[in-house]
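Take a look at the structure below.
The values are calculated or read from the model by the stated rules, or taken from the named source; none is laboratory data. Values in this document were obtained by computation on a predicted structure and should not be read as measured data. A quick note on method: Cβ atoms are made from the backbone with ideal geometry, for glycine too, and the neighbour counts reach across all protein chains shown. Accessible surface areas use protein heavy atoms only, side chains included; no ligands, DNA or RNA. Shrake-Rupley method; radii C 1.70, N 1.55, O 1.52, S 1.80 Å.
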Protein chains: 2
Amino acid sequence: MNDLLLRAARGEKTERSPVWVMRQAGRILPEYRAIRKSISGFKELVETPELAAEVTIQPVDILGVDAAIIFSDILVIPEAMGLPYQMEEGRGPWFPKVIKTESDINALHVAEGSELQYVYDAILLTRKGLNGRVTVIGFAGAPFTIFCYMIEGRGSKTFSEARKWLHANPEASHNLLEKITQSTINYLKLQVEAGVSIYQVFDSWAGVLSAELYKEYCMPYLNRIAQEVSQVPSIVFAKGAHFAMSDLLSSNFNAVGLDWTLNPADLAHIGSKKTLQGNMDPTVLYADDQYVVQKTKEMLTSFSGIPHIANLGHGVYPDTDWKKVKLFIDTIKAN
Amino acid sequence: MNDLLLRAARGEKTERSPVWVMRQAGRILPEYRAIRKSISGFKELVETPELAAEVTIQPVDILGVDAAIIFSDILVIPEAMGLPYQMEEGRGPWFPKVIKTESDINALHVAEGSELQYVYDAILLTRKGLNGRVTVIGFAGAPFTIFCYMIEGRGSKTFSEARKWLHANPEASHNLLEKITQSTINYLKLQVEAGVSIYQVFDSWAGVLSAELYKEYCMPYLNRIAQEVSQVPSIVFAKGAHFAMSDLLSSNFNAVGLDWTLNPADLAHIGSKKTLQGNMDPTVLYADDQYVVQKTKEMLTSFSGIPHIANLGHGVYPDTDWKKVKLFIDTIKAN
């Protein structure tokens, strides 16, 4: 079994950096698009374990990544808590019902995790299909990012409604974050039971906060998740949270993902020994082969001497040529 | 004449921090909304000097700011270069025609500045209306931000098309940035001739880049603007560009704006003596009065010992109660 990812996540010295790509199971692969076209929509794919397992395994076969991340969505948690999401072609996810008042928060229940059996079934089928070839990665959204979706109902440039809650209604905000955190812990524990050997928490909207707000509304919940789900190694990726790097690097997570705006050298003063993940700019993959190879090597060099998991600094953009992604991966594996 | 802003921008010690607010002339004011409702749309307001001057002066009368920033839009520059913009109610600006190929770039002309006479007329009328009460601020978009709009046609979460050009077509990207820069210099020089006594360059989409890309595709153009338009003091505000702060703090601009994710203490190691502007989180203004006053004072304290222009860390959000904005301003003036 290829356990490079687990060893690197635990901070062990590895013969090379393991590599996987955020959003590797998805629209970049023609094989994914073929399946997607044959069904009713995104949610059918997420909720049908056989199909979810199939697209989870595709990048292992086609791209040669060192790990398979289970095909799902961070928004299954709000749905399990009582706020179902919908996926709109080309515009992304949205929620017909959102949190508007404190009583909306009180009406939400903590997910037990058992609501999401289709995810655990997909994990079991993925493990069976992989037959021990590579590691399976589980994942969940960070409490603040889920909080943003529950309040705004969809993506936003500023998430000003969600941020308004933090300033204008701190107690209710903590109540909601608490419920999301407990739901997420229940969910990740069952993912581990089903057989993921590592997981990542995605704080996709972290960048709209500040050091002060991140310390108050994010770190305690993130740390609780990593502490309570510590049976397997864990990675946290907080996009745009340059202001929170010292907190994340001293958190309970084993590894910290960097987006493409950060340079490992800028974090050296923090003196952390944690594993770092990342972080090539995904738009590099739009350039010619020579440039892709050069930038991939530069990225590897920037992490030299640090326990490292190679990845992009953001999810791969859907219109990327999968051959460039493969070139990125091959370059890392040949290094 | 209240010249606090000019003195602070030049790095002089002032009796208190001058204050203005990004997007102070706009939808937060009922008086603005009344005018806006009486006309055909946003562009009529921008292009009618009497009306633009009127809404420019409103926040001076109503909010008591120390400066009036001319009511206009950064997208007048692409329009003057040959790509007209439209403003869609609720969704923001967009371009019916965008840059798709190198020959599209070659077809663009450098704006002479004279295309935008309505802006200079608005500046003249504003100065007349203010009768010397406060400083008039001019502005333009940073070349990279204009480049993003010209290529993407509208706002985007990732600006992956624009970033693609930088990696995949660096020479053409520089050609386009060069044309935008020259147009911007011509435009700002005429704003100065019309009587602005300071100007700000907005790099609204800077945050999607990285230290390396910012050094290559932004700093040379920004520095050229500040160098060629040095008759009056200048401010640069690059939202999200945490990775470029040391470059900006050693640039040709007099003052550097900080977004709300940055803390002046984090920049101390750079050792710059430049004036800083900012940077309260605009969503603080959604909270109760006591909290607004407390956070405003904390913000002022965070800049103590540094030449400072008080402002928010982002444009004020349109659904903010103007009385909270006034409280922010009054608190600064009373400090």
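Structure summary
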quantity: Cα gyration tensor, region A:11-82 - rounded (a/c under 1.5), prolate or oblate; calculated: oblate
quantity: Centroid-to-centroid separation of region A:134-198 and region B:12-30 [C-alpha atoms, Å]; calculated: 36
quantity: Sulfur and carbon atoms: percent of accessible area, chain B [1.4 Å]; calculated: 48
quantity: Rg over Rh [alpha-carbon atoms, Kirkwood Rh] for chain B; calculated: 0.94
quantity: Surface per residue (accessible, 1.4 Å probe) for the protein assembly as shown, Å²; calculated: 37
quantity: Shielding score for A:160-171, defined as the mean number of other chain Cβ atoms within 10 Å; calculated: 5
quantity: Partner chain coverage, peptide A:282-290 - average Cβ within 10 angstrom; calculated: 5
quantity: Label 7 Å beyond Cα on the Cβ vector: A:ARG10 copy-to-copy distances, nm; calculated: 6.5
quantity: Rounded to whole Hz, the Karplus (6.51, -1.76, 1.60) HN-Hα couplings of region B:3-11, x for glycine and proline; calculated: 10, 3, 4, 5, 5, 5, 4, 6, x
quantity: Distant alpha-carbon pairs in region A:1-130 (separation over 20 angstrom), percent; calculated: 55
quantity: Rounded if a/c under 1.5, otherwise prolate or oblate - the protein assembly as shown, Cα gyration tensor axes; calculated: prolate
quantity: Above-threshold pairs, the threshold being 19 Å between Cα atoms, out of A:LYS274/A:LYS333; A:LYS100/A:LYS239; A:LYS157/A:LYS239; A:LYS215/A:LYS239; A:LYS239/B:LYS297; calculated: A:LYS274/A:LYS333; A:LYS100/A:LYS239; A:LYS239/B:LYS297
quantity: Residue among A:PHE237, A:THR331, A:TYR291 farthest towards the positive dipole end of region A:198-335, charges placed on Cβ; calculated: A:THR331
quantity: Solvent-accessible area buried by A and B, counting both chains, probe 1.4 angstrom, square angstrom; calculated: 2600
quantity: Rounded, prolate or oblate (a/c below 1.5 giving rounded, otherwise prolate when a/b exceeds b/c) for region A:136-190 by Cα gyration tensor; calculated: oblate
quantity: Inter-copy spacing of B:LEU124 label points, which lie 7 Å from Cα along Cα→Cβ, given in nm from shortest upward; calculated: 8.0
quantity: Rounded to whole Hz, the Karplus (6.51, -1.76, 1.60) HN-Hα couplings of region A:61-73, x for glycine and proline; calculated: 6, 8, 9, x, 5, 8, 7, 10, 9, 4, 6, 6, 9
quantity: Convex hull projection area averaged over all views, region B:249-320, Cα basis, nm²; calculated: 5.0
